[in-house]
1. Neighbour counts of other C-beta atoms within 10 Å: give me 78, 109, 190 arranged from fewest to most.
2. When the Cα centres of region 88-121 and region 327-361 are compared, how far apart do they sit, in Å?
3. May I ask for the angle, rounded to the nearest 10°, between helix 231-245 and the longest principal axis of the chain, with both axes built from Cα atoms and the value confined to 0 to 90°?
4. Taking the square root of 5 times each eigenvalue of the Cα gyration tensor, what semi-axes in Å does the equivalent ellipsoid of region 327-428 have, largest first?
5. Remind me, relative contact order of region 21-73 in percent, using alpha carbon pairs under 8 angstrom and six or more residues apart?
6. What's the FRET efficiency of residue 215 with residue 327 using the Cβ-Cβ distance as r and R₀ = 30 Å, to the nearest 0.05?
7. Could you state the number of Å between the C-alpha centres of region 379-434 and region 124-146?
8. Can you tell me how region 33-88 classifies by the Cα gyration tensor, rounded, prolate or oblate, using a/c under 1.5 as the rounded cut?
């Protein structure tokens, strides 16, 4: 089968797709905070003038309400309550921030499977509760716990599935089972269920397949069991995977066990700390850029759902292209993926800054925005792949959790970007371009190459890497002579 995938790998791919579908709750505010244009009197044009809204003696008339949002229900439109729309996003992102580090650390200590199940089931429960919230205060509490679960899903399930698939399948996972498809699923649900409460409940039900697959089919990660010296359980786990895959279980030689170290040891080791700081910057910039851009997308001119479908389709097609390039161009490295993508992002958002300064409002704005969004997604792919491949098993969950935690700081700042536009039009685009440029320079000088690495034997120090490269070169020469 293509990419050496078997039945078990297909289950892993499907579980991952439904997991990242649940993670789109992070951009649910595109719909829950949606506010169309309004007017106070029949003779007035539709617009978004808050002074007119607040001065209106009667009930303002909204233009073509495409989605009945929480912002409309709780009156988060103008005045002193308008800040609650941004707070809705920020409270959820605060939950994601806490969940990433908490669940990542727990998964390193207690195992990938139980913590993944906990994150998945709690996410379903609290998403339902958020859809039933009687007031905005209860809604915010529920959405914090939704964010907490999303943080766990993104970190733990990602680490879990990466340890269950082959090295050549990692890019397939990111390419064919991707954020674009997940975003399209969210948009489809919101299109057919055009009320935020209904959409929330349907989204929670639609995320259940991920929980069911992990519960029924997934054993504990053999990589994690090996790292914890649970060799008997590891063999049983490998046997279950082989049985589900429909292949013979072949005993695999695992590298010698290394001493378990906690997260503090990571920061004490200069080589590890350097890798981590580079990854932190990558994640921070990708998160702030992507969510700031996404949360601003409901203000674009045109149809709300058509715009979101276009974003989803562009992202999905771009992911397929990424798989083809990575598969058939062997010298296309992780460094290439991140640096080329970040360079395009900087170019696009610098261009958008210039277009706004020139007061251009034509179709090129949407086109350049779409291209920039696609390449922001490529930087996300590099973030996930490099974070998983650059860190040793005994601290992979914690380190990825810390990366995601830093990213959520960027997410917490992202709702500010649309606000900055009200002060100076190009503010958000220029911010994305400038922080992206800093990220690009840092990546060029300090990001290590990890493509194809064995996750059970990640080398950190330069002497270990050089020794491994020499052994690989000798092996290639021997094979060539043979």
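Derivation of every value follows stated rules applied to the coordinates shown; laboratory data play no part. Remember, it's a predicted structure, so these values are computed and weren't measured experimentally. Heads up, the Cβs are rebuilt from the backbone with ideal geometry, glycines too, and the neighbour counts pull from every protein chain shown.
1. Details: 78 18, 109 11, 190 27.
Ranked by crowding around the Cβ, least crowded first: 109, 78, 190.
2. 31 Å
3. Helix 231-245 sits at roughly 70 degrees to that axis.
4. Working: eigenvalues 193, 78, 13 Å².
Square roots of five times the eigenvalues give 31, 20, 8 Å.
5. Details: 58 pairs, mean separation 23.8, N = 53.
Relative contact order comes out at 45 percent.
6. Working: r = 32 Å, r/R0 = 1.07.
For residue 215 and residue 327, the calculated efficiency is 0.40.
7. A separation of 25 Å, based on Cα centres.
8. Numbers: a/c = 2.24, a/b = 1.42, b/c = 1.58.
Oblate.
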